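Structure record follows, encoded as structure tokens.
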Amino acid sequence: MSEENNQRNAEIVYEEWVPVGRVVKVAMLSVFILIISIGIITTAFIPREFMFISIIFGAVSLLILLLYWNFRGIRILMTNNQLEVKYGIFNHKEIPLQEISNCEETKASFKRYGGIGIRLGFDGSWAYNTDFGEAVKLSFKTGRPFVFSTRNPQKICNLVKELLKEK
């Protein structure tokens, strides 16, 4: 197993972690504090017969924390053969480089995607975006374009184009 990991690490051309933006962090913290505050207030002023309300608020708070933890950022990993974009536990895109027809820098705007997260854009593209900032748009020989947030869109596109020329 360690040989396999060493071989995979030797092939890595680019790796990046893109955390969620400040807007999402502030919004999640505000919602969490609000729910906890409401739970504490209801626990203090509501009779014991209605204690299940506190349990509901606690469960909702836990759910919000788990959702935030799951979608706290995007992990980008590029090897000589593929680009891998992970957003949460269940959202993994493994894209063989030979399927990419074009790579360009773009902005993940609210106007195009209507929010942050896993989105279907009004232009028909799928997006994994953590904020309304820099992103990469990949076009494929077949299928929808794919957009993902990054701090280095030019570097990723240059690497993709360079690796495609080598093949």
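Within the range 7-37, which residues are modelled with pLDDT under 80 and surrounded by 10 or more Cβ atoms within 10 Å (Cβ to Cβ)?
Arg8, Asn9
Ile118 versus (1) among the aliphatic types (A, V, I, L, M); (2) over 26 Å from Met28 (Cβ atoms); (3) surrounded by fewer than 16 Cβ atoms within 10 Å (Cβ to Cβ); (4) free of Cβ contacts under 8 Å to residues at least 60 places away in the same chain: which is the lone unmet condition?
Condition not satisfied by Ile118: (2).
In the range 42-57, which residue that is under 23 Å from Ala27 (Cβ atoms) and either at pLDDT below 80 or not assigned by TED's automatic domain parsing to the domain that holds Ala27 (or both) is farthest from the chain's Cα centre (by Cα)?
For the range 42-57, the residue satisfying everything is Thr42.
Within the range 23-42, how many residues turn out to be closer than 14 Å to Thr130 by Cβ and in contact (Cβ under 8 Å) with a residue 24 or more places away in the chain?
3
The values are calculated or read from the model by the stated rules, or taken from the named source; none is laboratory data. For clarity, every value in this text was computed on a predicted model and none was experimentally measured. Neighbour counts run over all protein chains shown; Cβ positions are idealised from the backbone, glycine included.
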